[in-house]
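This report refers to the structure that appears directly beneath it.
The values are calculated or read from the model by the stated rules, or taken from the named source; none is laboratory data. As the structure is a prediction and not an experimental result, all values here were calculated from the model. Here the Cβ is made from the backbone with ideal geometry for all residues, glycine too, and neighbour counts use every protein chain on show. Heavy atoms of the whole protein, side chains included, go into the accessibility calculation; ligands, DNA and RNA do not. Shrake-Rupley method; radii C 1.70, N 1.55, O 1.52, S 1.80 Å.
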Amino acid sequence: MKIVVLSTDKAHLADMSRMLEARSHSVTAVEGRLERMIELAQHMQPDLIVAEDRHVDNAALASVEYVTTHFPYIAVVLASIMHTPEFLIGAMRAGVREVLPSPVPASVLESAVERVAAKLSGGRAKGAGKIMAFLSCKGGCGATFLATNLGYQLAERHSTLLIDLNLQFGDALSFLHDGRPPSTLADIALHIERLDASFLAASTVRLTPNFSILAAPEDAAQAVGIKPEHIEAILSLAVTQYEFVLLDLGRNLDTLTIKALDHAHRIYPVLQSDLPSLRNAKKLAVLFGSLGYPREKTEYIVNRYDKRSEIDLNDMRLLLGTAVLHTV
């Protein structure tokens with residue numbers, strides 16, 4: 001999980017951060033009062049905020065309530081020396097998941113975080129995710145644009161993960177986000193033995209409550225360490241955590257890409273109404289046939305389609321056979 005730890009005590013802040021990092025969570029430590037929670041929720045959008053403040057007043061609880069009301073997907077766990085019935089009732093009304101003692105024993109903090117993680121993942125339908133793969137028939141056809149925008153729209157109703165599998169030149173994250181990712185696909189491959197739901201979620205950039213992106217390596221040299229079995233493990237886990245998993249693939253059809261295509265429920269080659277795109281689309285159709293993919297697994301998307309084009313949809317169907325064609 002992505003966790004923000006907030007405390008006025010530097011020593012406690014360091015201790016809690018170490019405890020959580022040892023459990024493979026992505027942790028950001030921030031020194032300050034509870035009033036900073038609103039700012040942190042807005043800019044970092046974590047799964048969990050663990051906040052410690054020795055003396056919690058009404059203003060502090062108001063900040064907590066603002067976060068739990070306006071960011072309902074963020075869980076809040078509060079640590080304090082105050083445990084009077086009045087305080088506990090006020091914390092509960094503010095939306096706090098749990099109130100822990102201060103300083104927090106390691107076992108108590110770990111148990112609380114595990115309960116939050118279980119609740120966050122409990123609502124997901126295991127094994128129900130659908131994998132949709134996008135790839136361009138020719139450079140500049142717009143596969144990444146379509147994949148990222150479709151992901152954003154799907155996330156209005158469904159949990160969605162986009163994985164950038166264009167390992168050399170992937171830039172899907174830049175279509176929707178200005179910052180750098182906390183981790184990339186290469187980082188997961190490097191520590192594949194740690195792969196679980198928390199590690200996967202912590203390695204993504206969460207753009208909205210339901211939409212996350214797992215970025216491609218920032219340095220193309222890091223892609224060398226990514227193997228087909230890593231893709232297999234990541235996709236097998238991803239479909240248990242997300243309803244839709246979108247793959248933005250590069251044009252290099254190597255063993256990694258084919259492994260991803262093997263798992264896809266639908267493959268969407270993106271082309272334009274020009275001869276180079278059509279030639280490559282035909283080559284893909286032949287390749288998919290040789291791989292044993294059923295014809296209904298592939299649906300072509302004609303991007304930037306213009307009815308006045310010299311090559312119309314009937315021409316494309318003649319070349320591609322009975323393939324399904326969508327237009328944008």
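Tell me which residues, restricted to segment 8-59, are of a type in the set (G, A, S), in contact (Cβ under 8 Å) with a residue 12 or more places away in the chain and within 24 Å of E114 (Cα to Cα).
Listed by number, the residues that qualify are A14, S17, S24, S26, A29, A41, A51.
Would you mention how many residues in segment 165-218 are hydroxyl-bearing (S, T, Y), assigned to a helix (DSSP H, G or I) and under 16 Å from A147 (Cα atoms)?
Going through segment 165-218 one residue at a time, the tally reaches 1.
Does at least one position in segment 255-264 carry a residue that is more than 25 Å from S212 (Cβ to Cβ), loosely packed, with under 15 Cβ neighbours inside 10 Å and either out of contact with any His (no Cβ under 7 Å at 6 or more places or on another chain) or hydrophobic (A, V, I, L, M, F, W, C) (or both)?
Yes; the residues of segment 255-264 include at least one that is more than 25 Å from S212 (Cβ to Cβ), loosely packed, with under 15 Cβ neighbours inside 10 Å and either out of contact with any His (no Cβ under 7 Å at 6 or more places or on another chain) or hydrophobic (A, V, I, L, M, F, W, C) (or both).
Could you tell me which residue of segment 219-254 is farthest from G292 (Cα to Cα), considering only residues that are surrounded by 15 or more Cβ atoms within 10 Å (Cβ to Cβ), in contact (Cβ under 8 Å) with a residue 60 or more places away in the chain and among the polar types (S, T, N, Q)?
Here the answer is Q241.
Is segment 134-145 home to any residue that is in contact with a Ser or Thr (Cβ under 7 Å, 6 or more places away or on another chain), among the β-branched types (V, I, T) and either surrounded by fewer than 19 Cβ atoms within 10 Å (Cβ to Cβ) or touching a residue at least 12 places away in the same chain (Cβ under 8 Å) (or both)?
no
Can you tell me how many residues within segment 192-204 are open to solvent by less than 10 Å² (accessible area, probe 1.4 Å) and aliphatic (A, V, I, L, M)?
Going through segment 192-204 one residue at a time, the tally reaches 2.
Mind checking whether some residue in segment 97-110 is in contact with a strand residue (DSSP E or B) (Cβ under 6 Å, 6 or more places away or on another chain), under 22 Å from A197 (Cα atoms) and touching a residue at least 60 places away in the same chain (Cβ under 8 Å)?
For segment 97-110, residues in contact with a strand residue (DSSP E or B) (Cβ under 6 Å, 6 or more places away or on another chain), under 22 Å from A197 (Cα atoms) and touching a residue at least 60 places away in the same chain (Cβ under 8 Å): absent.
Need the failing condition index for E65 against (1) open to solvent by 80 Å² or more (accessible area, probe 1.4 Å); (2) in a helix (DSSP H, G or I); (3) at pLDDT below 90, just the number.
So E65 meets the others, but not (3).
When you look at D47, is it of a type outside the set (A, V, I, L, M, F, W, C), surrounded by 15 or more Cβ atoms within 10 Å (Cβ to Cβ) and over 17 Å from P72 (Cα atoms), yes or no?
The answer is no for D47.
Hey, among A189, A281, A216, which residue is buried (at least 22 other Cβ atoms within 10 Å of the Cβ) and under 17 Å from the mean Cα position of the chain (by Cα)?
Unique residue meeting the criteria: A216.
Determine the pairs where a residue that is charged (D, E, K, R), located within segment 277-295, has a partner that is in a helix (DSSP H, G or I) and at pLDDT below 90 with Cβ atoms under 9 Å apart, the partner being 6 or more residues away or on another chain.
R279/L319; K282/L319; K282/L320; R295/A285; R295/F288; R295/G289
Within 19 Å of L13 (Cβ to Cβ), in a helix (DSSP H, G or I), open to solvent by 20 Å² or more (accessible area, probe 1.4 Å) and among the acidic types (D, E): which single residue out of E86, E114, E110 fits that description?
E110 is the lone residue from the list that is within 19 Å of L13 (Cβ to Cβ), in a helix (DSSP H, G or I), open to solvent by 20 Å² or more (accessible area, probe 1.4 Å) and among the acidic types (D, E).
Check A79, A75 and return the single one that is in contact (Cβ under 8 Å) with a residue 12 or more places away in the chain, open to solvent by less than 20 Å² (accessible area, probe 1.4 Å) and over 28 Å from H158 (Cβ atoms).
A79
Of all residues in segment 172-186, how many are open to solvent by 70 Å² or more (accessible area, probe 1.4 Å) and modelled with pLDDT of 90 or more?
So the answer is 2.
Residue under question is P85, and the condition is that it be modelled with pLDDT under 90 and either more than 25 Å from the chain's Cα centre (by Cα) or within 22 Å of H43 (Cβ to Cβ) (or both); does it hold?
Criteria met by P85.
Mind listing whichever residues of segment 117-142 are assigned to a loop (DSSP other than H, G, I, E, B) and either at pLDDT 85 or above or closer than 30 Å to L271 by Cα (or both)?
Once the filter is applied, which keeps residues that are assigned to a loop (DSSP other than H, G, I, E, B) and either at pLDDT 85 or above or closer than 30 Å to L271 by Cα (or both), segment 117-142 yields A128, G129, C137, K138, G139, G140, C141, G142.
Could you look through segment 268-300, keep only residues that are aliphatic (A, V, I, L, M) and within 19 Å of L313 (Cβ to Cβ), and pick out the one that is modelled with the highest pLDDT? Spell out the reasoning first.
Narrowing segment 268-300 to residues aliphatic (A, V, I, L, M): 270-271, 275, 278, 281, 284-287, 291.
Filter once more, so that each one left must be within 19 Å of L313 (Cβ to Cβ): 270-271, 275, 278, 281, 284-285.
On the way: V270: 94, L271: 90, L275: 87, L278: 86, A281: 89, L284: 90, A285: 88.
Among them, the one singled out is V270.
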